[in-house]
Each structure stands twice: as structure tokens, then as C-alpha cells.
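Engineer: I am attaching a structure below and will ask some questions about it afterwards.
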Amino acid sequence: MDFGDRSYWSYPCPAFCGARRGLASLIFTLALSSFVGQITHPNAHELIHHPSRAARRLGHGLYASLGMGHHASAHLLIHHPHVATAHDPNSPVLGLGFWAYLPRAWWSCFHGALARETVRRGGVTWAHPYPWHIALAALFLIYAFAAGGGLALTAYLLVAALFHIQVMLSDYIQHYGLRRAIGADGRTAPQSAQDNWNAPRPFSTKMLLAAPLHSYHHLNPTRSYVELSYAPDHPRLPYSLPVMAALATVPPLWRRVMDPRAARWAARK
């Protein structure tokens, strides 16, 4: 072959093209993960609080499509009633890093919501959401493999795993280090606006369907995101939720920023 022939060099190296396609696929997968974490999650959260049964089922379906259907049950049956107490696994204590919190909170939500749903439904019946959650997740796994083989299945699992992390990050950030007061009679104080962190930044608040206005949401969980607001006496995060999520993945940096703030709010109670 005449290597002086420039037409030879006009054909890209197959290995280079393969690496480039692989990098493009990875970037797309990570972008999709960010989308489902930052867009799908707020929408699904809004739906599971909706008064319409059809909307609530759609919210359950969105979570289940990414293998996290149990979150819908845990959020309503455990998180909202017990927020800012030791009974809520999604309310981390002061000093607990995110990576230590993640597996404990995930598993506690899964089996805690399973137990509560089983009691509510009188056993694992057709009305129990867990079999439907698992069936829908399995359906998406099968579809991913059928559509693109092992590569598509791997991409789906990566997107789902990062979705789980982002959902857990959201609760971690918005409840870190805050606890309801315990009265002299040993009873837990009612929920208040001081039990949740808020991040009222205009752009991210709109993008996340007002999820950063978290105090008002917990006091009025059935209200639409367009009705939520923020007051100066609500605990406020120093940065937007996406920035705080990045900080939370580095526990020493997170604690440096958040521990003094959480301690100051605790001292007010």
C-alpha cells in the first residue's frame, strides 16, 4: 500500500471511531441520568402528592420505571409523618456523611415501606404496590436488553443507579442535621418550618418544581408546587440544590459548610 496516498488517511481508524462512540454513549448516559434525577424526580414527587388517583399511580410508575417504586410508598408513609425524627431514615443526623447515609437510608425505606404497605393492605394482595413496582422495573430491564443487548442494559442500570443516588441526595440535603424538639413529656414536637432546609434560588426553584421550598411543602404536602412559598424564618441553604448536591458528595467539605449552620438552628429549639 502506498502510504503517500492521502486517500488512505481519509478513512478514520476503527478503534478511534469505536472509542469515540463509546465516549459519546457514556456522555449521553450521564446526561440522561442527570435529566431523570433533576427533572423526572421532581415531577414524580409532585404526582404522588396529587389528589387524583391516576396522577398518583403515574408517579408510582415513574419511580418504578427506574427501579425505585418503593420510594413513593416510603415518602408518603414514613418520611412525611416522621420527618426530622429518628423514625425517618431520610432525615440524617448531624455529622453523618452522604455515602454512609445512602445504603442505610435506602434499605430502611425499602423494608420499612414494605412493612407499612403490607399492614395497610392486609397482606401482599393485588392492591399492594410492591409487586407492581417490581414487575414494572423487570419489564424495563427486559425491554432494555431486548432493544440493545448487554450494552443497553448496562446503560439502563447506570441511569437507574444514578437516579437512586440523586433521589437520596435530595432528601439528605433538605433534612441534614435538623431534628424536632422533644418535650418534657417525651413527646416529639409537631412539625414546623424549621425542620427542613430551603434553597429559594429563582432558576433551580422553577426547574425543580419548587422542591427547594421544602418547609412549606412539608407543612402543606397536598398543595401544588405553584402554591409553595418561602419565609425568612425557614432554614436556608447557602447555595442552590444542585450545588449543595455536589458538596454533599464530598463529606468533609459538606460538614465544613453545613455543620455550623445546622448547629445554630438546633440551638434555637
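The values are calculated or read from the model by the stated rules, or taken from the named source; none is laboratory data. What you are looking at is a predicted structure, and each value in this text was computed from that prediction instead of being measured. All Cβ positions, even for glycine, are placed from backbone atoms using ideal geometry, and neighbour counts span all protein chains on display. Note: areas computed on protein heavy atoms with side chains; ligands, DNA, RNA excluded. Shrake-Rupley method; radii C 1.70, N 1.55, O 1.52, S 1.80 Å.
Engineer: Condition first: open to solvent by 40 Å² or more (accessible area, probe 1.4 Å) and within 21 Å of T205 (Cβ to Cβ). Now tell me which residues in region 253-269 satisfy that.
Structural biologist: R261
Engineer: Looking only at region 47-76, count how many residues are open to solvent by 40 Å² or more (accessible area, probe 1.4 Å) and under 20 Å from H175 (Cα atoms).
Structural biologist: Qualifying residue count for the region: 1.
Engineer: I've got another one for you. Residues in region 210-236 that are of a type in the set (S, T, Y) and surrounded by fewer than 17 Cβ atoms within 10 Å (Cβ to Cβ): how many?
Structural biologist: 3
Engineer: Report the residue count in region 237-252 for those that are within 14 Å of L208 (Cα to Cα) and open to solvent by 30 Å² or more (accessible area, probe 1.4 Å).
Structural biologist: 2
Engineer: Still on this structure, I have one more. Of all residues in region 102-117 being over 13 Å from the mean Cα position of the chain (by Cα) and open to solvent by less than 30 Å² (accessible area, probe 1.4 Å), which is nearest to A44 (Cα to Cα)?
Structural biologist: Result: A113.
Engineer: OK, next. Are any of the residues in region 177-200 in contact (Cβ under 8 Å) with a residue 40 or more places away in the chain, of a type in the set (D, E), surrounded by 20 or more Cβ atoms within 10 Å (Cβ to Cβ) and within 30 Å of F140 (Cα to Cα)?
Structural biologist: The answer is no; no qualifying residue exists.
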